[in-house]
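Please read the structure below before turning to the comments.
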Amino acid sequence: MDLRAELLKSIWYAFTALDVEKSGKVSKSQLKVLSHNLYTVLCIPHDPVALEEHFRDDDDGPVSSQGYMPYLNKYILDKVEEGAFVKENFDELCWTLTAKKNYKPDRNGNGVVSHQDAFKLWCLFNFLSEDKYPLVMVPDEVEYLLKKICSAMNVELNSCELDDYFSQESQGQGGVTVWQFLDMVNSGRFLRGIEQEAISMAVEEVYQEVIEDVLKQGYLWKRGHLRRNWSERWFTLKPNVLSYYMSEERKEKKGSIALDKHCCVEVLPDRDGKRCMFCVKTSSRTYEMSASDTRQRQEWTLAIQTAIRLQAEGKKSLHKDLKQKRREQREQREQRRAAKEEETQRLKQLQEEKERKLQELELLKEAQRQAEILLQEEEQRRRQQHEEMQRTLEIQLQEAEQARASMQAEMVLKEAEAERQRKRILELEEMQEHLQEALQQEVKARQDEESVRYAQARLLAEEEEKLKQLMKLKEEQEEYIIKTQREKQVLKQEMENKNKCLEEAQKQLEEVRVNRQRVDQDVMVAQRKLRQASTNVKHWNVQMNRLMHPIGPGEKRTNVSAGGFAGYQPHLFRRESSLK
């Protein structure tokens with residue numbers, strides 16, 4: 001995310017804050033004041049007369065964001081130079097404009113964060129939000145930011161409660177707005193039981209780490225270059241420089257160490273009464289430093305190595321790089337999810353295709369059964385016709401034999417009748433030839449039926465092969481579903497373990513409360529005894545004052561009483577002091 005995109009996010013909040021009627025347009029007088037303030041905080045020289053001329057009142061009416069963008073790009077954003085202005089002052093200007101309209105903290109003072117902490121959370125939100133307008137932060141980034149804040153306070157974020165919050169809130173825009181985020185933090189739902197001062201320190205630490213690119217900071221002992229003495233300094237590590245100050249207020253800067261890809265950090269052995277030593281080597285000088293313990297030395301060396309790696313890779317900010325990686329991981333998850341949905345859709349289509357082919361197969365089988373029934377009926381009909389024809393021929397042959405016998409007997413007498421019988425025999429022979437042709441056609445029909453049955457068997461074999469492929473795909477789908485169910489059971493077991501840990505923590509909290517009540521009762525008993533002792537002391541003081549009252553003249557026991565009480569007085573005083 002470049003400087004222009006960062007500035008545009010804050011300016012967008014300022015522009016929308018000036019849009020009172022929520023029409024997407026702002027009056028020219030307000031835009032003139034906004035532009036003048038932007039010129040001031042961004043340290044851009046400008047001509048006030050030209051500014052007045054550009055935003056003079058006319059009949060065009062208010063200006064939309066699209067109408068203001070050409071002026072903003074040409075006269076402001078194109079002239080901005082990185083490092084020439086204080087980014088925090090620019091953010092405070094935009095925050096002041098938008099918070100006055102949109103930020104509504106608890107009027108009774110019960111909010112979790114202060115106004116300054118809300119400003120820093122607003123800056124962190126702008127840094128982690130998506131590069132789309134209106135600006136929103138996806139749930140993954142919200143969880144990341146809350147975990148950073150809780151980690152700075154050495155507490156653990158309740159992820160289950162955060163998931164419940166996201167499930168209850170509407171996510172129509174794909175995330176939460178900054179005002180929803182601030183309301184969520186101010187509600188104390190995720191920072192319950194933590195003091196406001198601790199939250200403020202944690203927000204400041206995360207703000208310095210993410211916005212100001214402070215990789216690490218803390219006290220270290222540094223060895224001087226000329227006098228070679230050791231001095232304790234407050235060090236602040238950024239990706240390109242390691243600065244050191246007199247104290248953690250960072251008011252008096254003592255020096256800095258420029259870091260580049262040629263620098264390196266090395267661990268040194270203990271010497272000169274110093275332990276946990278390491279050095280930073282640059283192209284011009286070697287800086288020796290000493291940490292408080294081995295863990296601090298390891299953290300400092302790893303942080304400096306990270307800064308050198310960023311310089312070698314040409315990157316200016318660690319968290320910008322981490323944000324880009326998290327965004328790429330989210331995109332990859334979305335792609336995997338889309339691929340999974342596509343695979344599920346494809347399997348569904350294959351299942352539907354399988355069912356359709358099974359239906360077609362059933363239809364083919366039914367058609368085959370119908371065809372077989374028809375063929376059997378036709379065969380039966382042809383067989384009956386053939387039998388009838390054979391019986392007819394047999395009858396006719398018998399009649400012909402009888403006629404021939406009769407003709408031979410009566411040949412002479414019935415020559416004419418014999419001629420008619422010969423003609424009848426010729427007709428019968430012609431009919432027999434027709435029958436022979438019909439039998440040949442029947443044989444040919446049987447051969448055609450055999451070829452059709454062979455083609456049908458081949459189609460059935462192909463259908464069985466496709467059915468095996470579909471069964472294989474179904475088995476792979478069932479294995480994938482079983483694997484997904486196992487992963488779901490593992491996640492469910494982890495959630496149950498976390499719930500058990502939470503219940504044990506609640507039981508321990510109840511025990512602490514009972515012990516506190518018991519101690520409070522003991523304190524009340526001690527106070528009651530103290531009041532009783534004070535009452536006894538007052539009573540003895542009164543008795544002593546009464547005994548020490550002087551006796552009037554003429555009484556004989558004056559000296560004895562005076563002497564006796566005088567000797568007894570220190571003992572009473574000592575007793576009174578001991579009772580007190």
(request) Take region 201-214 and flag every residue that is open to solvent by less than 40 Å² (accessible area, probe 1.4 Å) and in contact (Cβ under 8 Å) with a residue 60 or more places away in the chain. (result) 203, 206, 207, 210, 213
(message) Restricting to region 403-414, name every residue that is assigned to a helix (DSSP H, G or I) and surrounded by 11 or more Cβ atoms within 10 Å (Cβ to Cβ).
(response) 403, 404, 406, 407
(message) Just to verify a result, which residue in region 28-38, among those that are out of contact with any Leu (no Cβ under 8 Å at 6 or more places or on another chain) and touching a residue at least 12 places away in the same chain (Cβ under 8 Å), is least open to solvent (accessible area, probe 1.4 Å)?
(response) 28
(request) Would you mind finding the one in 338, 303, 291 that is out of contact with any Leu (no Cβ under 9 Å at 6 or more places or on another chain), small (Gly, Ala, Ser) and closer than 30 Å to residue 145 by Cβ? (result) 338
(request) Residues being part of a loop (DSSP other than H, G, I, E, B), surrounded by fewer than 14 Cβ atoms within 10 Å (Cβ to Cβ) and at negative phi: count how many of those fall in region 151-168. (result) 1
(message) Just checking: which of the strands (runs of 3 or more DSSP E) contained wholly in region 188-285 hold 1 or more residues that are of a type in the set (D, E, K, R), more than 30 Å from residue 121 (Cα to Cα) and over 40 Å from the mean Cα position of the chain (by Cα)?
(response) 216-223, 230-237, 253-258, 277-281
(request) Of the numbered conditions (1) free of Cβ contacts under 8 Å to residues at least 24 places away in the same chain; (2) of a type in the set (Asp, Glu); (3) open to solvent by 70 Å² or more (accessible area, probe 1.4 Å), residue 19 fails exactly one; give the number of that condition. (result) (3)
(request) Write out, first by first residue and then by second, each pair whose Cβ atoms fall under 8 Å of each other, whose residues are 6+ apart or on separate chains, and whose first residue, in region 170-182, is closer than 24 Å to residue 95 by Cα while the second is open to solvent by 40 Å² or more (accessible area, probe 1.4 Å) and at pLDDT below 70. (result) 176/169; 180/169
(request) Return yes when residue 482 is open to solvent by less than 90 Å² (accessible area, probe 1.4 Å) and within 30 Å of residue 357 (Cα to Cα) and no when it is not. (result) yes
(request) Confirm whether residue 395 is of a type in the set (Val, Ile, Thr), over 30 Å from residue 371 (Cα atoms) and either modelled with pLDDT under 85 or surrounded by 11 or more Cβ atoms within 10 Å (Cβ to Cβ) (or both). (result) no
(message) I'm trying to understand the selection: among the residues of region 521-553, which are among the small types (Gly, Ala, Ser) and either open to solvent by 90 Å² or more (accessible area, probe 1.4 Å) or at pLDDT 60 or above (or both)?
(response) 526, 533, 534
(request) Identify the single condition in (1) surrounded by fewer than 18 Cβ atoms within 10 Å (Cβ to Cβ); (2) in contact with a helix residue (DSSP H, G or I) (Cβ under 7 Å, 6 or more places away or on another chain) that residue 197 does not satisfy, given that it satisfies every other one. (result) (2)
(message) Being under 34 Å from the mean Cα position of the chain (by Cα) and either on the phi > 0 side of the Ramachandran plot or open to solvent by 60 Å² or more (accessible area, probe 1.4 Å) (or both) is the filter here; which residues of region 62-82 pass it?
(response) 66, 82
(request) Run residue 533 past the list (1) under 22 Å from residue 159 (Cα atoms); (2) over 60 Å from the mean Cα position of the chain (by Cα) and report the number of the one that doesn't hold. (result) (1)
(message) Can you say whether residue 556 is open to solvent by 90 Å² or more (accessible area, probe 1.4 Å) and modelled with pLDDT under 55, as far as the supplied structure shows?
(response) yes
(request) Report yes if residue 336 is closer than 30 Å to residue 240 by Cβ and not aliphatic (A, V, I, L, M), otherwise no. (result) no
(request) Using the structure shown, decide if residue 186 is among the polar types (S, T, N, Q), crowded, with 18+ Cβ neighbours inside 10 Å, touching a Ser or Thr at 6+ places or on another chain (Cβ under 9 Å) and in contact (Cβ under 8 Å) with a residue 24 or more places away in the chain. (result) no
(request) From 372, 388, 378, grab the single residue that is exposed (fewer than 14 other Cβ atoms within 10 Å of the Cβ) and either modelled with pLDDT under 90 or over 26 Å from residue 452 (Cβ atoms) (or both). (result) 388
(request) With the checklist (1) under 24 Å from residue 318 (Cα atoms); (2) in contact with a strand residue (DSSP E or B) (Cβ under 9 Å, 6 or more places away or on another chain); (3) open to solvent by less than 30 Å² (accessible area, probe 1.4 Å) in hand, flag the one item residue 224 doesn't pass. (result) (1)
(request) Return yes or no: is residue 493 at pLDDT 85 or above, part of a helix (DSSP H, G or I), open to solvent by 80 Å² or more (accessible area, probe 1.4 Å) and farther than 21 Å from residue 157 by Cα? (result) no
(message) From the list 42, 7, 51, 3, exactly one residue is surrounded by 12 or more Cβ atoms within 10 Å (Cβ to Cβ), farther than 23 Å from residue 128 by Cα and either free of Cβ contacts under 8 Å to residues at least 24 places away in the same chain or among the aliphatic types (A, V, I, L, M) (or both). Which is it?
(response) 51
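The values are calculated or read from the model by the stated rules, or taken from the named source; none is laboratory data. Only a predicted model underlies this, so the values are computations on that prediction, with no experimental measurement involved. Please note: Cβ atoms are built from the backbone with ideal geometry, for glycine as well, and neighbour counts cover all protein chains shown. SASA here: full protein model, heavy atoms, side chains in, ligands and nucleic acids out. Shrake-Rupley method; radii C 1.70, N 1.55, O 1.52, S 1.80 Å.
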